[in-house]
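Engineer: Supplied in structure tokens, the structure appears directly below.
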Amino acid sequence: MKIKRLTVWRLDLPLAKVYDFSGGTQHVERLDSTVLRIETDDGLEGWGETCPWGPGYLPSQHGPGVRAALETLAPAILGRDPRAPEAVGRAMALAAPGHQGARSAVDIACWDILGKATGQPLWRLLGAEAPAPVALNSSIPTADAEAMRATFAAHAAAGYRTHSAKIGGGDPDADVARIEAVLAALPEGHAVTFDVNCAWTPGVAVEVLNRAPARGWVEQPCPTLDQCAHVAARVPQPIMLDECLLTFDDHLAAWRRGACEGVKVKPARLGGLTAARAARDLGVALGWRMHVEDTGGSAIADTAAFHLAASTPDANRLASWLGRAHLADDPMAGLGALNDGGVVRLGDVSGLGFAPDPATFGAPCAVYEG
Ligand code: MG
């Protein structure tokens, strides 16, 4: 089986609400998603998607860059067997190292084809006997303490039981107030992570986290792994890492330095399901707790990540966010991973479990054949 054609679409995805994070330095109103279809010489097709959460979230990941990287990667992909995502991934890494977002879309499409070719859903190929129901995480953008408390209460009333509250900035008093406001409104049995998105210096992190109540996780307090390890040794809260983990080696370094008790596992940040599975399996071996989800996007990126989440052991799996829940208009409404009373339940259909209708995407922006 060989890859004979790669078709690429750009999807402009306005958010239902403006999203501020990282101490207000990041402001996202719409997402630039890249969807691709791989077609094989024997008639199978697979779908992939990658969608940065705005161009400022991760290094070298923005929509036009993803599509430029795909143009460079296409000759290394065409003619290869998509049932071997690892081999396709090594070819992409040789052709253009980095570009994890672009590689993720290709890798997900290869896994979709592997699933269809073998008649297996991805959760089974990724290691599960049965797909775990995956709890959904609400996401609360940064704002003043009272506005965050109100958003938090609305999410709790909507059925979410785990929450990610965005905090961070240069004013320790404001962040202590945000943490106190959210914790005061936290219902019995709910859990919260305070996601700083790199917005603190180590000094502010140590001050805030030693003044605030020590409840819940704190995610990516500072930009670098060394800074986060410094903070982790001086605060009572468990630390979750996200943006500073771009490679498998970063995960090993995080473990060696004792920098965290858990990680976010995101295919688009790491280079696809293949790389995310390796990070997930390391986390299982180490005893980390993990949120498995993608950086953003619609049904394809979400569903791929939920297959990995649904195949992650209960002891290691924390809730996942559904990126599509933030979109003003869902371009694949009703397809793939959906909110079913606060959880996602995947079925037994092979591959990703669904295929979108490309007629709804408009004209492709590129077609590569070989
Ligand atoms: Mg995060």
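Engineer: From Arg211, Arg234, Arg178, Arg215, grab the single residue that is at pLDDT below 95, more than 23 Å from the chain's Cα centre (by Cα) and more than 21 Å from Trp53 (Cβ to Cβ).
Structural biologist: After ruling out the rest, the residue left standing is Arg215.
Engineer: For segment 255-273: of the residues being buried (at least 24 other Cβ atoms within 10 Å of the Cβ) and part of a helix (DSSP H, G or I), which is nearest to the ligand (Cβ to nearest atom)?
Structural biologist: Arg269
Engineer: Tell me the residue from Pro141, Pro131 that is surrounded by fewer than 24 Cβ atoms within 10 Å (Cβ to Cβ), within 28 Å of Val344 (Cα to Cα) and within 16 Å of the ligand (Cβ to nearest atom), please.
Structural biologist: Step by step, each of Pro141, Pro131 is checked, and only Pro141 is surrounded by fewer than 24 Cβ atoms within 10 Å (Cβ to Cβ), within 28 Å of Val344 (Cα to Cα) and within 16 Å of the ligand (Cβ to nearest atom).
Engineer: Could you list all residues from segment 337-352 that are open to solvent by 30 Å² or more (accessible area, probe 1.4 Å), assigned to a loop (DSSP other than H, G, I, E, B) and not hydrophobic (A, V, I, L, M, F, W, C)?
Structural biologist: Asn339, Gly341, Arg345, Gly347, Asp348, Ser350
Engineer: Name the single residue that is modelled with the lowest pLDDT among those in segment 39-93 being over 17 Å from Tyr368 (Cα atoms) and of a type in the set (A, V, I, L, M).
Structural biologist: Leu58
Engineer: If we keep just the residues of segment 1-22 that are out of contact with any helix residue (DSSP H, G or I) (no Cβ under 9 Å at 6 or more places or on another chain) and assigned to a loop (DSSP other than H, G, I, E, B), which is least open to solvent (accessible area, probe 1.4 Å)?
Structural biologist: Ser22
Engineer: Take Thr295 and tell me if it is under 24 Å from Arg30 (Cα atoms), hydroxyl-bearing (Ser, Thr, Tyr) and assigned to a loop (DSSP other than H, G, I, E, B).
Structural biologist: Criteria met by Thr295.
Engineer: Yes or no: segment 146-160 includes at least one residue that is within 17 Å of Gln220 (Cα to Cα) and either within 16 Å of the ligand (Cβ to nearest atom) or of a type outside the set (Asp, Glu) (or both).
Structural biologist: No: zero hits.
Engineer: If you go through segment 193-247 one residue at a time, how many are in a loop (DSSP other than H, G, I, E, B) and away from the ligand (no atom under 16 Å from the Cβ)?
Structural biologist: Number of matching residues: 10.
Engineer: Filter segment 215-236 for residues that are in contact (Cβ under 8 Å) with a residue 24 or more places away in the chain, open to solvent by 10 Å² or more (accessible area, probe 1.4 Å) and not hydrophobic (A, V, I, L, M, F, W, C) and give the result.
Structural biologist: Answer for segment 215-236, where residues must be in contact (Cβ under 8 Å) with a residue 24 or more places away in the chain, open to solvent by 10 Å² or more (accessible area, probe 1.4 Å) and not hydrophobic (A, V, I, L, M, F, W, C): Arg215, Gly216, Pro223, Asp226, Gln227, His230, Arg234, Pro236.
Engineer: Name the pairs whose Cβ atoms lie under 9 Å apart, with the first residue in segment 1-28 and under 16 Å from Met332 (Cα atoms), the second among the basic types (Lys, Arg) and open to solvent by less than 20 Å² (accessible area, probe 1.4 Å), and 6 or more positions between them or separate chains?
Structural biologist: That search, which allows pairs on different chains as well, returns Leu13/Arg324.
Engineer: Take the residues in segment 274-303 that are of a type in the set (A, V, I, L, M) and open to solvent by 10 Å² or more (accessible area, probe 1.4 Å), then tell me which one is farthest from Arg90 (Cα to Cα).
Structural biologist: Within segment 274-303, the match that is farthest from Arg90 (Cα to Cα) is Leu286.
Engineer: A further question follows. Would segment 169-182 turn up any residue that is open to solvent by less than 40 Å² (accessible area, probe 1.4 Å), part of a loop (DSSP other than H, G, I, E, B) and not aromatic (Phe, Trp, Tyr)?
Structural biologist: The answer is yes; a qualifying residue exists.
Engineer: I'm trying to understand the selection: among the residues of segment 40-64, which are farther than 18 Å from Ala366 by Cβ and open to solvent by 60 Å² or more (accessible area, probe 1.4 Å)?
Structural biologist: Of everything in segment 40-64, those that are farther than 18 Å from Ala366 by Cβ and open to solvent by 60 Å² or more (accessible area, probe 1.4 Å) turn out to be Asp41, Asp42, Gly43, Pro55, Pro59, Ser60.
The values are calculated or read from the model by the stated rules, or taken from the named source; none is laboratory data. Here the structure is a predicted model, which means the values were calculated and not measured. Neighbour counts run over all protein chains shown; Cβ positions are idealised from the backbone, glycine included. Each accessible area value is taken on the protein alone, full model and side chains, heavy atoms only, with ligands, DNA and RNA left out. Shrake-Rupley method; radii C 1.70, N 1.55, O 1.52, S 1.80 Å.
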